[in-house]
Amino acid sequence: MIFGKAGFGGAVADFESAVTAQDAKRSRKAFGRLQETFGQAREPELLDGGPRLAAVLEQVPPGPRAVVAVLVGACVERGADAERCAPAVLAGLRWALEQAAAFAEAWAATGGGPFPAPDDGEPGAEAVERAGLDPALGWWTLRAWESAAVALLNDRAVRAGADDRSGLLRLLTAVTEASGQEFTSLAYALRVLDDEPLVALHRTSRTGYVLRLSGIGDNFQLHTLLADTLIGGGHVAGRAPSPQEAAVCRETPGQVMAEGSFDLVAPGGEPVWNEGAPADIPVVDGVRLLVLDEPSYQRSWAAGRFFPGMRGDLLLERTLDPEETERWYGRVSPPAAPVGESAGAEGLTG
């Protein structure tokens with residue numbers, strides 16, 4: 001036992017031993033100590049504790065399991081090995097989503113009505129009676145699983161190794177539609193693209209560019225990095241972001257107010273909203289294709305990373321030659337309407 005009985009390290013060791021032995025009384029006591037001691041944990045305890053807690057996660061009962069998963073995610077945010085912790089946390093997320101989906105079905109089948117709002121306690125008697133204990137626990141703990149999973153998905157290697165992000169997203173979509181509640185952070189984390197090619201066409205200059213994006217959480221972040229790369233790089237005219245605006249969209253902590261430099265437009269002419277994600281950009285001939293028009297109204301926002309723990313990047317690979325550019329322009333339509341007239345989705349600050 002590396003850390004003896006004191007502090008977070010001791011609590012991890014006690015919890016690990018008790019869970020492995022299936023000693024419920026010791027497990028409850030050690031579970032309380034985990035929460036009490038985490039705030040004072042030293043770095044070596046966190047690095048060691050995250051993977052050890054993840055290793056026994058599946059053996060923990062469903063209710064406290066979500067809390068332990070949050071502690072694992074917090075250890076990862078402070079340096080624990082995300083790849084070692086990820087399989088157990090993402091498996092727990094899948095369980096919670098499957099149970100929450102079953103809860104939604106049972107709730108609808110037993111009369112429907114507003115979904116119960118989970119609190120920090122156990123599921124209410126009505127929820128358990130109408131749906132069963134595990135489905136109710138899945139719904140009750142889903143916010144905690146969202147927090148834990150997002151902490152792990154900040155890591156690019158975890159995203160690369162998560163084979164069924166699309167399946168998790170389908171489950172999440174079903175739960176969201178049934179409950180009317182949004183799980184935006186988890187939905188966006190499951191849709192993050194890495195090493196993804198993007199063709200951007202700047203309509204005013206009739207030029208085109210091949211770029212590659214990674215770790216970009218939303219289109220506000222993408223918009224700023226596009227302006228930094230293309231305008232700041234001297235390829236097209238317009239308002240270039242300040243170095244600080246670009247830096248906070250890559251890896252510098254914090255936020256800086258920014259202004260829009262383009263209208264982002266899909267090949268069919270419809271707007272690509274800043275509130276969306278790069279995964280919303282349509283794929284044409286196997287590549288995401290985006291048109292950059294002159295800004296039709298003034299936008300401003302707090303530039304930064306949607307996921308503060310995730311490094312974002314956008315690299316310019318090459319400028320398209322005129323013949324290639326015209327071939328891509330043959331695949332796009334004019335904007336469907338001036339984007340400023342459709343500002344209800346973004347408003348003057350979107």
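The values are calculated or read from the model by the stated rules, or taken from the named source; none is laboratory data. Note that the coordinates shown come from a computational prediction; the quantities given were computed from them, not determined experimentally. Ideal geometry is used to build each Cβ from the backbone, glycine not excepted, and the neighbour counts take in all protein chains shown. All accessible areas refer to the heavy atoms of the entire protein, side chains included, with ligands and DNA or RNA removed. Shrake-Rupley method; radii C 1.70, N 1.55, O 1.52, S 1.80 Å.
Applying a threshold of 6 Å to beta carbon distances and a minimum spacing of six or more residues, or different chains, the list of pairs starting in segment 114-130 at a residue that is under 18 Å from Pro64 (Cα atoms) and ending at one that is open to solvent by 90 Å² or more (accessible area, probe 1.4 Å) and of a type in the set (Val, Ile, Thr) is empty.
Restricting attention to segment 170-187, the residues being open to solvent by less than 10 Å² (accessible area, probe 1.4 Å) and either at pLDDT below 95 or over 12 Å from the mean Cα position of the chain (by Cα) (or both) number 2. From the list Ala125, Ala101, Ala108, the lone residue that is modelled with pLDDT of 95 or more, more than 22 Å from Ala24 (Cα to Cα) and either of a type in the set (A, V, I, L, M) or open to solvent by less than 30 Å² (accessible area, probe 1.4 Å) (or both) is Ala101. Taking segment 104-121 as the range and being more than 24 Å from Ala151 (Cβ to Cβ) and either part of a loop (DSSP other than H, G, I, E, B) or of a type in the set (A, V, I, L, M, F, W, C) (or both) as the test, the residues that pass are Ala104, Ala106, Trp107, Ala108, Ala109, Thr110, Gly111, Gly112, Gly113, Pro114, Phe115, Pro116.
Of everything in segment 128-165 that is modelled with pLDDT of 95 or more and assigned to a loop (DSSP other than H, G, I, E, B), the residue that is most open to solvent (accessible area, probe 1.4 Å) is Asp155. Just one of the listed residues (Leu222, Leu226, Leu190) is surrounded by 18 or more Cβ atoms within 10 Å (Cβ to Cβ), over 16 Å from the mean Cα position of the chain (by Cα) and not in a loop (DSSP other than H, G, I, E, B), and it is Leu226.
Among the residues making up segment 193-218, none is open to solvent by less than 10 Å² (accessible area, probe 1.4 Å), within 21 Å of Trp328 (Cβ to Cβ) and within 13 Å of the chain's Cα centre (by Cα). The set of residues from segment 72-87 being in a helix (DSSP H, G or I) and open to solvent by less than 30 Å² (accessible area, probe 1.4 Å) comprises Val72, Gly73, Ala74, Cys75, Val76, Ala82, Cys85, Ala86. In segment 166-184, the residues that are farther than 16 Å from Trp140 by Cβ and free of Cβ contacts under 8 Å to residues at least 40 places away in the same chain reach residues that are assigned to a helix (DSSP H, G or I) and open to solvent by 50 Å² or more (accessible area, probe 1.4 Å) with C-beta atoms within less than 7 angstrom, at least six apart or across chains, in these pairs: Leu169/Arg191. Being without any contact (Cβ under 8 Å) to a residue 24 or more places away in the chain, of a type outside the set (D, E, K, R) and over 19 Å from Val291 (Cα atoms), is that true of even one residue in segment 217-237? Looking for residues that are without any contact (Cβ under 8 Å) to a residue 24 or more places away in the chain, of a type outside the set (D, E, K, R) and over 19 Å from Val291 (Cα atoms), one finds none in segment 217-237, hence no.
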